[in-house]
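One structure below.
The values are calculated or read from the model by the stated rules, or taken from the named source; none is laboratory data. Owing to the predicted nature of the structure, the values given are computational and were not obtained by experimental measurement. All Cβ positions, even for glycine, are placed from backbone atoms using ideal geometry, and neighbour counts span all protein chains on display.
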Amino acid sequence: MAIIHQAELQPTKLELLQSWLPRQPWFTGDGAALIKVGAFRFDDPEGEVGIETILVAADGSVFQVPLSYRGSPLHGAEASLIGTMQHSVLGERWVYDAVGDPCYLAAVTAAILTGQPQAQHLLDVDGRLEALPESVLVGSTGPLRSAAPALGPGTASSTDAETVVRTGALELLVIRRLDLAAQAAGPEALTGTWAGQQVPVKLAAVTAG
């Protein structure tokens with residue numbers, strides 16, 4: 001489960017993305033005009049890292065931005081650092097492009113290969129947890145395995161539409177600029193639906209391993 005605090009963020013997540021997205025090869029449009037479409041999360045088994053994927057729209061396109069939130073810098077991930085923000089409950093948080101974070105890679109791989117579900121959003125209201133509706137629902141196309149392989153150090157490369165992460169014998173494809181019209185076909189893929197998008201959209205896939 002993902003516990004959401006009633007907190008102020010300085011800067012906000014969208015403010016961080018407004019300056020970072022225009023520098024990415026797969027982003028097109030006006031970074032200052034971002035609209036949040038929805039988001040989903042995965043659990044970190046250790047409970048230390050926040051793993052959230054945000055979908056944003058700009059100039060008619062929808063982009064997928066996986067993020068990881070950490071309480072201290074991730075060694076060796078300097079190239080993936082988007083920025084820092086001050087969380088009024090948790091303190092300073094380091095925000096990473098999650099394709100460079102092994103915690104995200106393990107979580108999305110488990111979701112694709114084993115069907116591990118997304119985390120339920122729970123709002124902390126004065127110590128009482130209230131379930132929030134999910135704005136994006138994700139699932140695996142299967143076939144499902146009993147376990148996901150252990151991941152080694154990964155290297156990421158991006159094109160004008162996607163990022164490929166190679167880690168050991170496994171290759172993970174993360175779609176950045178989503179194709180809303182295409183049928184999300186193919187095995188071992190993660191798909192998503194949200195309000196106004198009832199046809200599943202391909203978000204990521206294991207393409208080797």
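A few notes on this one:
- Beta carbons closer than 7 Å, at least 6 apart along the sequence or on distinct chains, pair a first residue in the stretch 33-51 that is over 16 Å from Thr193 (Cβ atoms) with a second that is of a type in the set (Phe, Trp, Tyr) for Val49/Tyr69; Gly50/Tyr69; Ile51/Phe42; Ile51/Tyr104.
- Contact map, the stretch 184-207: residues that are closer than 13 Å to Gly38 by Cβ paired with residues that are β-branched (Val, Ile, Thr) and crowded, with 19+ Cβ neighbours inside 10 Å, Cβ distance under 6 Å, separation 6+ or inter-chain. Pairs shown: Gly192/Val136; Gly192/Val138; Gly192/Val201; Trp194/Val136; Leu203/Ile175.
- Checked against the criterion of being modelled with pLDDT of 95 or more, more than 14 Å from Ser68 (Cα to Cα) and either surrounded by fewer than 14 Cβ atoms within 10 Å (Cβ to Cβ) or not aliphatic (A, V, I, L, M) (or both), the stretch 90-110 has at least one qualifying residue.
- Residues that are of a type in the set (A, V, I, L, M, F, W, C) and either over 8 Å from the mean Cα position of the chain (by Cα) or more than 16 Å from Leu190 (Cβ to Cβ) (or both) within the stretch 54-66 comprise Leu55, Val56, Ala57, Ala58, Val62, Phe63, listed in sequence order.
- Going through (1) assigned to a strand (DSSP E or B); (2) β-branched (Val, Ile, Thr); (3) buried (at least 21 other Cβ atoms within 10 Å of the Cβ) one by one, Thr193 falls short only on (3).
- Scanning the stretch 111-165 for residues that are of a type in the set (Lys, Arg) and either under 20 Å from Gly50 (Cβ atoms) or not in a strand (DSSP E or B) (or both) gives a single hit, Arg145.
- Residues in the stretch 153-170 that are of a type outside the set (A, V, I, L, M, F, W, C) and within 15 Å of Val206 (Cβ to Cβ): Gly154, Glu162, Thr163, Arg166, Thr167, Gly168.
- Which listed residue, of Ile51, Ile82, Ile3, is under 17 Å from the mean Cα position of the chain (by Cα), part of a strand (DSSP E or B) and at pLDDT below 95: Ile3
- The C-beta contact set for the stretch 143-154 (first residue without any contact (Cβ under 8 Å) to a residue 24 or more places away in the chain, second residue part of a loop (DSSP other than H, G, I, E, B) and of a type in the set (Gly, Ala, Ser), distance under 6 angstrom, 6+ apart or interchain) comprises Gly152/Gly168.
- Checked against (1) outside any loop (DSSP other than H, G, I, E, B); (2) over 27 Å from Gln120 (Cβ atoms); (3) modelled with pLDDT of 95 or more; (4) not basic (Lys, Arg), Trp26 passes all but condition (1).
- Note on the stretch 130-150: residues that are more than 11 Å from Ala110 (Cα to Cα) and among the hydrophobic types (A, V, I, L, M, F, W, C) total 5.
- Residues that are outside any loop (DSSP other than H, G, I, E, B) and either among the small types (Gly, Ala, Ser) or crowded, with 17+ Cβ neighbours inside 10 Å (or both), drawn from the stretch 166-176: Arg166, Thr167, Leu170, Leu172, Leu173, Val174, Ile175
- Val37 being touching a Cys at 6+ places or on another chain (Cβ under 9 Å), within 30 Å of Leu180 (Cβ to Cβ) and modelled with pLDDT of 95 or more: no
- Single residue of the stretch 54-65 satisfying the filter (part of a strand (DSSP E or B) and touching a Ser or Thr at 6+ places or on another chain (Cβ under 8 Å)) that is farthest from Leu90 (Cα to Cα): Ser61
- With respect to (1) under 18 Å from the mean Cα position of the chain (by Cα); (2) surrounded by 13 or more Cβ atoms within 10 Å (Cβ to Cβ); (3) within 21 Å of Val174 (Cα to Cα), the lone exception for Gly29 is condition (1).
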